[in-house]
1. Residue by residue through segment 87-99, note down the ones that are over 25 Å from the mean Cα position of the chain (by Cα) and surrounded by 12 or more Cβ atoms within 10 Å (Cβ to Cβ).
2. Identify all residues within segment 70-108 that are of a type in the set (Gly, Ala, Ser) and assigned to a helix (DSSP H, G or I); write none if there are none.
3. Can you tell me which residue among Val118, Val102 is crowded, with 16+ Cβ neighbours inside 10 Å, farther than 30 Å from Cys169 by Cβ and β-branched (Val, Ile, Thr)?
4. Which one of these does Asn62 not meet: (1) in a helix (DSSP H, G or I); (2) under 38 Å from the mean Cα position of the chain (by Cα); (3) in contact (Cβ under 8 Å) with a residue 24 or more places away in the chain?
5. So, Cys105, is that one without any contact (Cβ under 8 Å) to a residue 60 or more places away in the chain, in contact with a helix residue (DSSP H, G or I) (Cβ under 6 Å, 6 or more places away or on another chain) and over 29 Å from Cys34 (Cα atoms) or not?
6. Restricting to segment 171-210, and then to whatever is surrounded by 13 or more Cβ atoms within 10 Å (Cβ to Cβ) and polar (S, T, N, Q), can you tell me which residue is farthest from Leu221 (Cα to Cα)?
7. Consider Cys66 carefully, then state whether it is closer than 30 Å to Val150 by Cα and touching a Cys at 6+ places or on another chain (Cβ under 6 Å).
Amino acid sequence: MKYGLAVLILLAAVASPSFAQNSDTKQAQNMRSCVGGIGACDTSLLTDVQAKQLKDLQHDRNLSRCLSSYVGCDHSMLTPSEAQEVAEAQHRSNLLACETTVGLCDKTLLTPTEADKVAKIEREKNRLNCETGFGSCDYSLLTASEQAEVKDLERERNLLACQTGDALCNKELLAPSEAGKVAAAQHRRNYLACKTDDVFCDPSLLTTSEAKQINNAKRELNALSCRSDDKGCDGTTAGDEQRVQKESKPTS
């Protein structure tokens with residue numbers, strides 16, 4: 001409130017009739033520089049009242065920067081009570097940075113109680129990272145039971161990754177029974193990929209029977225395309241199409 005009032009009073013002085021009539025005078029330009037804090041300010045051109053108002057304005061600006069942890073805080077300009085107020089504000093800002101891990105945290109400025117609280121938060125955050133596999137995990141911060149739980153969760157995540165064909169799958173971590181199920185699921189996905197002409201099809205993984213089924217299905221589909229004069233018809237396998245057509249006709 002005091003800061004804003006000082007600005008208004010000084011700006012009012014610049015906008016007064018005497019200044020308005022001589023807006024380009026050295027005094028008017030100097031006043032704007034002093035109020036704005038930009039450019040050279042010649043305090044000898046100010047009246048005693050204006051100089052006092054400017055001093056109060058500069059003091060309040062500095063206090064605002066100090067309380068907001070902005071660069072440019074001059075602690076030497078603070079009164080003892082203001083210095084205490086700023087110290088408490090900076091302590092709260094540091095505690096917030098330590099608790100949220102956002103910003104610069106100086107643990108040496110924490111009280112023993114605050115340090116214990118921050119350490120607990122860090123342990124909980126680390127445990128969550130370990131459990132979810134997201135972020136850095138420090139196993140040394142986990143208890144024996146937490147480590148066992150994290151290992152179970154890691155195995156479960158890996159099994160799900162392998163079952164779904166995720167690139168994060170590590171087959172070396174699978175139990176023999178799990179490896180068998182994962183192999184079956186992978187084989188099934190590959191068979192369907194080949195059957196539907198998917199780019200991920202690996203023909204080398206098909207059994208002889210599966211390869212034959214897929215080739216027959218493709219020939220039958222091509223025969224249908226040829227009978228309907230579809231552009232997708234492959235004429236190079238015309239013999240197969242004719243055979244399919246004959247087999248599909250009812251016998252008399």
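The values are calculated or read from the model by the stated rules, or taken from the named source; none is laboratory data. Owing to the predicted nature of the structure, the values given are computational and were not obtained by experimental measurement. Glycine also receives a Cβ, built like all others from the backbone with ideal geometry; neighbour counts cover every protein chain displayed.
1. Ala87, Ala89, Gln90, His91, listed by residue number.
2. Ser76, Ser81, Ala83, Ala87, Ala89, Ser93, Ala97, listed by residue number.
3. Val118 is the lone residue from the list that is crowded, with 16+ Cβ neighbours inside 10 Å, farther than 30 Å from Cys169 by Cβ and β-branched (Val, Ile, Thr).
4. For Asn62, the exception is condition (3).
5. When the stated conditions are applied, Cys105 passes them.
6. Result: Gln186.
7. It is false that Cys66 is closer than 30 Å to Val150 by Cα and touching a Cys at 6+ places or on another chain (Cβ under 6 Å).
A quick yes/no check of all residues on (1) touching a His at 6+ places or on another chain (Cβ under 8 Å); (2) among the charged types (D, E, K, R); (3) at pLDDT below 85:
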| position | (1), (2), (3) |
| --- | --- |
| Ala193 | no, no, no |
| Glu210 | no, yes, no |
| Leu224 | no, no, yes |
| Ser228 | no, no, yes |
| Asp240 | no, yes, yes |
| Ser252 | no, no, yes |
